[in-house]
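A short write-up of the structure that comes next.
The values are calculated or read from the model by the stated rules, or taken from the named source; none is laboratory data. Fair warning: this is a prediction, and the values are worked out from it, not measured in the lab. Positions of Cβ are generated from backbone atoms using ideal geometry, with glycine treated the same way; all protein chains shown enter the neighbour counts. Note: areas computed on protein heavy atoms with side chains; ligands, DNA, RNA excluded. Shrake-Rupley method; radii C 1.70, N 1.55, O 1.52, S 1.80 Å.
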Amino acid sequence: MKVLEIEGGKTLSGTIRISGAKNSAVALIPAAILSDEEVTICNIPEITDTEALCEILKYLGADVQRASESIVIKSSKITNQEIPASLSKKLRASYYFMGALLGKYGRVKMRFPGGCSIGSRPINLHLKGFEALGATITEKGNCYVVEADELHGAEIYLDFASVGATINIMLASVKAKGTTIIDNAAKEPEIVNVATLLNNMGAKITGAGTSTIKIRGVEKLGSCFHEVIPDRIEAGTYIILGACCGDNLKVDNIIPEHVEALTSKLKEAGVPLKIGTDYVLVSKPKKAKAVHVRTQTYPGFPTDLQQPLSVFLTQCEGKSKVEETIYENRFMHIPYLNQMGADIRIKNQTATIVGPTELVGSNVVATDLRAGASLVIAALLGKGKSKITNVEHILRGYEQIVEKLTNVGANIKEREI
Ligand code: EPU
């Protein structure tokens, strides 16, 4: 088991370079199998989630070559077989193989995906989309068989603008006969990045990034070169860290527009920020005031950043509120923050944070990826030593976290126990 040992209380300055977006990369890798030709994707983050997807690719028989940040995938020799649960349960995004294999072969057999336990996370909207495209679905003991004689275009309204369902429907419909329209589609930047990859491969997708996406089916997809966008959640995590203990901390290689919901909240709280064309420079404010956030789909405040933000809010004067509207169970970091000295109460889906409070190091557990990230920030901010266990969750989504933090002056070590 891996643990992180952190000695907090240091001021952090220097530059953190942001990696490729996890939530893009995990969809781009399965999407690549829709072509039999070579697909090169660069800026793939080296995190355990992308490693797990490469394992699945190899299991299916794809040729996968990894060279530093790029990956070259050739899928001409893959076979359409069931992905073992031992591989699919490693991460939520394994479900993108449902859309990709269905789109390629018209049939897929797969188990329910894994991922962070932050809510019930059903896949009914994905399945509704597949059915609308002409597939029939049989479910037996958590195993789904989705098959169609022929996939055809359809108009699909999503009851909720789900990121996963939008991407999976794009993957399944890209080679279907006729035109598919997804209404109330998710608008996250990762959706645009996936649509761009597919278009580079020869697909005909318009409207990605708006709530109506139109996919005109094509017969064949070819080879392409594509780049993963910078990770807006990794960027946001480090910007929040800078607001907690930074002195001109530069968070570099980002698309500032993608983190605007966060930066405007931090400005409202009084955090000094300089926003450049591809970076944000952030320092801890002398005094910060309480703010309220409510998580929403993009471009609203991202659910993935509410846990890290809650640490900063413990330093703000007054009563802040964080309302989580996307997941039912995304406050598991709160008892640990309270153990470290925070004053946070949860009622229904809202956390009320009274500040400022001094945080002190403690032994805590990363219950999920972003809870883990928030505990890293709390440990760096707090006085004294912290030990974080269940670090595997954090390594699923943050590339070289120890190196990046050490480079800006943090005292953090990863140990195997
Ligand atoms: N939902 C349904 N039915 C569905 C699909 C979703 O009810 O068929 C509900 C979910 O239960 C949830 C809400 O809709 O309450 C949002 O789910 P969505 O499908 O948008 O999320 P996702 O695709 O499962 C991705 C990211 C998450 C991120 C969300 C929201 C990946 C692999 N995961 O999840 O990232 O929180 O979008 O932006 O892309 C993370 O990075 O820590 C993370 C959890």
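Shown for the chain: the carbon plus sulfur share of the solvent-accessible area, taken with all protein chains present and a 1.4 angstrom probe, equals 47%.
Protein-only accessible surface at a 1.4 angstrom probe places the residues 352, 166 in the order 352, 166, largest first. In the structure displayed, which of 109/220; 74/404; 2/319; 74/109; 2/274; 250/286 lie more than 27 Å apart, Cα to Cα? From 109/220; 74/404; 2/319; 74/109; 2/274; 250/286, over 27 Å: 74/404; 2/319; 2/274. Electrostatic bookkeeping for residue 383 treats Lys and Arg as +1 and Asp and Glu as -1; over the other residues with beta carbon under 14 Å from its beta carbon, the sum is 0. Give me the distance between the Cα centres of segment 276-328 and segment 196-253, rounded to whole Å. Here the answer is 22 Å between Cα centres.
In the context of the full set of protein chains, segment 206-245 has a per residue accessible area of 35 Å² (1.4 Å probe).
3J(HN,Hα) couplings calculated from phi for segment 207-212 with the Karplus curve 6.51 cos²θ - 1.76 cosθ + 1.60 (θ = phi - 60°) are, in sequence order, x, 4, x, 10, 7, 10 Hz; Gly and Pro show x. In the structure shown, the pairs 347/385; 22/187; 267/289; 347/383; 267/287; 265/287 are assessed against 19 Å; a Cα-Cα span above that value is assigned to 347/385; 347/383. Comparing 123, 233, 16 in a Gaussian network model of the chain where C-alpha atoms under 10 Å apart are linked, the largest mean-square fluctuation is found at 123. The candidates 322, 218, arranged from most to least accessible area with a 1.4 Å probe in the full protein assembly, appear as 218, 322.
Placing dummy labels 7 Å off each Cα toward the beta-carbon, the span from residue 69 to residue 325 is 3.5 nm.
Charge tally around residue 107: other residues with Cβ under 11 Å, Lys/Arg +1 each, Asp/Glu -1 each, net -1.
The charge dipole of the chain, taken about the Cα centre with unit charges on the Cβ atoms of Lys, Arg (+1) and Asp, Glu (-1), comes to about 780 debye, rounded to the nearest 20.
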